[in-house]
Structures are given as structure tokens and as C-alpha cells.
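Step one of this worksheet: look at the structure below.
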């Protein structure tokens, strides 16, 4: 048992300076609340107060990076500075996502409602922040962020995925978007969609394993699209429960043919 305890102690020494997942998620939620006051109960009295709040958030990111041993090679100050420097452009893309949901869902009454209540919008926003850190080469933190929102919404988006503007996620529970997936603009995804790999063998790490979804594609609930060579052409529609491992050209509709049987159970008179 002494050897076992020693093993755990050595592991503790390796990770003790890593910020907790809770602290990392709290930072991201704080940034989201600054960007979208619809989600925030705290009000600011001046532009200067907002500026100071963002400066504090930048310092907090710097501290998180500084305490992450796996990021010892990172230029932490520069990463934090660039993240917030690029945040206005990321915010503009987030706004297109809210607009896509508002325009695409008949149940949505307002942009405010989308921002405040829709889990798909929250998942997209956290992904977009995580993706910026992923591009900067930050380890661990991007995955912690997307797994945090996965646990809250049931929507699993890898921070390495490349996703265009106006992403529409309806409901979203069970949605999976893999690391090397490329998604264009104006794409609609429904619950239970999987954009995954044909093989999860480790030799495929770093290679294109997940599908490419071009602009203006709709993928309905339960559809599974697999493989790095699978490309769905623009303006195509993939029906519910479709299993797809081959590319389809633009303007194509693919649907699942059910073998359902209908039996009349009405009692005889």
C-alpha cells in the first residue's frame, strides 16, 4: 500500500498546479456573460466598467494558462492578449449563430430568448471560445471547456472542429461533432446527429477522420455521417436516421427507408 500511496502522491505533484475544471468553466461562463448581458444579472454603469471587466477576464485567462503545467511552452501573455483582441470577431460569428436559430426555429420568440435559454447557442459559443484556444496550441483547457458544456447540454463538439457562420442547432441532445470535422456556413443540425470517424485507431491521429459538410446543408435527427473522405455537397438534405459513409453531390436528398408495418388493432364490431 505504501507504494500505491507514493504513486498517487507523485501524480498529485504533477497536476497540483493545474486549475480545476470548475475554475476554467467559471472563467468561460464569465466571458459569455460579458458578451451577452441577456445571460447576466449583473449590470454595468459605464463603458469603462465593461472595459475593466474584460481586462480582468484577460488577466484571469493569463493566470489559468500560467498555472497549467502542460502549457509551460506557451507564450501565455500573448495567447491571452490575442484571445481578447480577436474576441470581437468571434462575437460577431456568435451573433450569426443566434440569428440562425431565431430564423430557423418557429418556436423561438426573440433573439433574447435564444441567447438566454437555448442550449444549442450556449454550446456553440463555448465551442467557439475553446476553438480559439485550440488554434493557439493551448493544451487541456479547450477540451475541458467543450466537455463542460457537453455535460450541461448533451452537445459534444470537439474544439478542433472547423465550423462556419450561422450554425443552427435544434434541440441538440446527443449531437456529436468530431475533431477534424469541417462545417460550412448556414448548416442546420438536429438532435442525435453524429459527424464521426469510420475508425478510431490511434494511427489516424492528426489525419482527416471526420466528414466535410458544405454550406446550406440540413441534417435531420439521428443521422450518422462518418469518414474523412465523406463530403456532403452544399444545399443537400440528409434525412433522419440515415447512415452515410460515402460522399453526396450538391443538391442531393438522402433519406432512410423504414420498414415499418402498420397493424389495425381496432376491435371487430
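The values are calculated or read from the model by the stated rules, or taken from the named source; none is laboratory data. Since the structure is predicted, the reported quantities are computational estimates derived from the model, not experimental observations. Here the Cβ is made from the backbone with ideal geometry for all residues, glycine too, and neighbour counts use every protein chain on show.
Reported count of residues in the range 187-208, each being at negative phi and modelled with pLDDT under 95, is 11. Criterion applied to 85, 99, 92 was being over 22 Å from residue 22 (Cβ atoms), touching a helix residue (DSSP H, G or I) at 6+ places or on another chain (Cβ under 8 Å) and surrounded by fewer than 18 Cβ atoms within 10 Å (Cβ to Cβ), and the one residue passing it is 99. Screening the range 1-76 for helices (runs of 4 or more DSSP H) wholly inside it with 2 or more residues that are surrounded by 10 or more Cβ atoms within 10 Å (Cβ to Cβ) and in contact with a helix residue (DSSP H, G or I) (Cβ under 6 Å, 6 or more places away or on another chain) returns the ranges 21-35, 47-66.
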